[in-house]
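The structure appears below as structure tokens.
The values are calculated or read from the model by the stated rules, or taken from the named source; none is laboratory data. Owing to the predicted nature of the structure, the values given are computational and were not obtained by experimental measurement. Cβ placement follows ideal geometry from the backbone for every residue including glycine, while neighbour counts extend to all protein chains displayed. For accessibility, only protein heavy atoms count, side chains too; no ligands or nucleic acids. Shrake-Rupley method; radii C 1.70, N 1.55, O 1.52, S 1.80 Å.
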Amino acid sequence: MNLFADIRTLVLDTLTTLVADGALPAGLDFSNIAVEPPRDALHGDMATNAAMVLAKPAGTNPRAIAEALAAKLVLDDRIITADVAGPGFLNLTLADKIWRGIVPVVLAKGADFGRSSLGAGKKVNVEYVSANPTGPLHVGHTRGAVFGDALASLLDFAGYDVTREYYINDGGAQVDVLARSAYERYREACGQAPEIAEGLYPGDYLVPVGEAMKAKYGDSLLGKGEEHWLAEVREFATEQMMDLIRSDLLALGVKMDVFYSEKSLYGTGRIEAALANLDSKGLLYQGTLEAPKGKLPEDWEPREQTLFRSTLHGDDVDRPVKKSDGGWTYFAPDIAYHFDKIDRGFDELIDVFGADHGGYVKRMKAAVSALSDGRVPVDIKLTQLVRLYKDGQPFKMSKRSGTFVTLRDVVDLVGAGVTRFVMLTRKNDAPLDFDFSKVLEQSKDNPVFYVQYAYARISSVLGKARAAGIAVEQPDLVNADLSEITHPSELKLAKTLAEWPRLLEQAAKGHEPHRIAFYLFELASDFHGLWNKGHDLPELRFLQEDNWSRSAGKIALISAVSVVLSAGLGILGVTPMQEMR
């Protein structure tokens with residue numbers, strides 16, 4: 001049940017009646033008509049822009065349309081008032097019974113309340129994290145992992161067929177550096193002094209890899225040139241790092257459906273096939289790019305090379321795909337990888353990149369547009385930096401990573417649930433401050449505590465109600481008498497519940513899982529506000545010892561709140577807490 005969608009349908013049906021009556025011309029486009037909460041709650045429960053949208057095509061004054069629409073809408077028993085505001089906005093106030101009616105719907109549907117068919121089963125590939133397999137995941141990867149995972153869950157809830165995918169960058173020079181670094185730790189495990197030269201990875205996280213190599217190879221690799229061991233050590237070290245990364249992701253509650261190896265694209269004809277597709281469309285040519293101003297990118301050459309006409313698909317400049325010496329640029333396997341996604345039948349692609357990949361957005365969109373003939377959209381989301389603090393001061397650790405704070409460091413300090421929720425308290429493209437002290441603080445200023453505390457408080461009330469002999473299971477509460485849910489704070493809580501299905505669809509359409517975290521905080525705030533009013537107004541207390549039937553209605557209301565809190569936390573990957581310590 002999406003009450004906003006229901007009232008929009010009422011508005012559209014009423015406009016159709018006005019057309020039939022001759023009050024509006026035929027052939028009007030209703031697609032941009034919206035029904036939303038008004039900017040100011042004092043103006044009513046909902047507002048529609050119908051008159052503003054239709055005035056120009058109808059050749060009519062918008063207020064005249066709004067007044068005609070209002071006169072018919074108030075004939076529906078759901079609408080108490082319909083007030084024209086400003087040049088032609090229409091503010092609607094709904095009957096209290098409509099808001100109370102949300103409660104049994106929530107309880108009947110349970111965790112599926114708000115679940116949508118918006119996606120209509122479309123296949124969506126969400127690629128996220130995709131860190132180089134050269135070390136443990138750091139706090140920046142953590143944000144991308146949480147964002148991508150929550151987005152995947154949100155899209156699944158909205159009716160999409162979602163695949164979670166990690167692209168393993170195991171085909172470039174960085175894995176050779178990993179192999180050489182791991183070999184030094186192998187020498188160390190064999191009792192020799194490691195030589196961590198400049199350019200190698202210095203972190204202690206490679207010590208266990210060296211020990212594992214010694215366990216497997218003994219001292220058979222010692223004293224040999226790298227031509228004898230580089231390929232094998234590269235594969236061994238990469239798999240060890242991926243085991244570490246998989247373990248770190250699981251600690252955060254992230255489970256991938258697919259781990260796709262970049263290396264699998266080489267020597268298999270997949271890169272050649274992707275570029276042949278572009279060539280068949282006249283999108284490859286031999287040319288020399290002008291030297292860009294400032295720092296030269298690594299794929300620029302002053303010599304002729306194979307270029308992709310990415311400017312024909314929205315890019316700023318054409319991009320090299322093959323170097324003058326015949327080797328692939330780093331962009332070529334990425335083109336092939338996305339071509340493979342298209343071949344796998346995905347209807348939509350979403351890539352979650354770190355902020356340092358901002359310059360990659362247009363070229364990747366151009367490639368997908370060209371490869372799919374514009375059929376498959378790709379949305380590239382950038383996650384901005386995470387700044388670490390403790391007690392308001394910049395926070396650093398001296399850890400085994402060598403230079404950065406790892407994902408596991410953060411999870412071990414504050415827990416997966418806290419980490420995930422806090423990472424979603426800002427939009428992905430805004431920097432995020434993560435204060436280890438504040439995220440564990442038990443106050444309203446800590447959103448994850450405030451939401452969890454609401455759920456725990458409701459669980460406590462339900463426990464006391466059970467002890468008093470009140471049936472509090474959701475099926476028992478569906479038919480509870482809600483007639484005494486009349487106080488503005490109680491109705492406000494019901495109204496916020498009613499916004500959940502609309503909020504979910506908006507968040508899914510915009511690929512914005514942070515909206516879920518914001519909504520949960522609002523719902524928790526409304527609940528806590530009602531709880532606090534009960535201290536001064538006994539009639540608002542959830543357990544009415546002198547009137548158990550009245551208690552059932554109030555318990556039904558807050559039980560519905562717990563259902564939505566649980567569903568929202570589930571999308572974010574956070575486990576609701578029955579009690580707070």
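Worth pointing out:
- Over segment 39-185, volume per residue of the alpha carbon convex hull, in Å³: 223 Å³
- Anisotropy class of segment 253-391 from Cα gyration tensor, a/c 1.5 cut: oblate
- Residues of segment 94-123 with amide N under 16 Å of the 7 Å Cα→Cβ point at Ser489: none
- Solvent exposure, largest accessible area first (probe 1.4 Å, DNA, RNA and ligands not counted), of Leu92, Leu284: Leu284, Leu92
- Segment 261-332 has equivalent-ellipsoid semi-axes of 21, 15, 11 Å, by the square roots of 5 times the alpha carbon gyration tensor eigenvalues, sorted largest first.
- For Asp435, distant residues with modelled amide H under 5 Å away: Tyr389
- Extending 7 Å from the Cα toward the beta-carbon at both Ala276 and Asp445 defines two label points whose distance is 6.3 nm.
- Whichever lysines have a C-alpha closer than 25 Å to that of Lys216, once near sequence neighbours (fewer than 8 apart) are set aside: Lys224, Lys263
- Label point at Asn32 placed 7 Å out along Cα→Cβ; residues across segment 52-76 whose backbone nitrogen lies under 14 Å: 52-59
- Thr16 exposes around 70 Å² of accessible area when a 1.4 Å probe is run over every protein chain in place.
- Separation of the Thr93 and Thr288 label points, Cα + 7 Å toward Cβ, nm: 7.6 nm
- Here the accessible area is traced with a 1.4 Å probe on the protein chains. For the chain, carbon and sulfur cover 49 percent of it.
- If the chain linking Asn532 and Tyr330 were pulled fully straight, counting 0.36 nm for each residue of separation and taking away their Cα-Cα distance, it would gain 66.9 nm.
- The simple spin-label model puts a point 7 Å past each Cα toward its Cβ; for Glu211 and Ser460 those points are separated by 4.5 nm.
- Accessible heavy-atom area order of Arg78, Arg457, highest first, probe of 1.4 Å: Arg78, Arg457
- For segment 323-432, the Kirkwood hydrodynamic radius comes to 17.0 Å, computed from all pairs of different C-alpha atoms.
- Efficiency of FRET from Cβ geometry, Ser247 and Ala111, R₀ 35 Å, rounded to 0.05: 0.75
- Average accessible surface for the chain: 44 Å² per residue, computed with a 1.4 Å probe over protein heavy atoms with every protein chain in place.
- The chain, Cα convex hull volume normalised per residue, Å³: 207 Å³
- By accessible area with a 1.4 Å probe, ligands and nucleic acids excluded, highest first: order of His313, His338: His313, His338
- In this structure Trp531 has an accessible area near 60 Å², from a 1.4 Å probe over the protein heavy atoms.
- Cβ-derived FRET efficiency at R0 41 Å, Leu413 paired with Glu227, nearest 0.05: 0.40
- Dividing the alpha-carbon radius of gyration of segment 450-567 by the rule-of-thumb value 2.2 N^0.38 Å gives 1.07.
- Calculated FRET value between Asn547 and Thr81, using beta carbons and R₀ = 35 Å, to 0.05: 0.65
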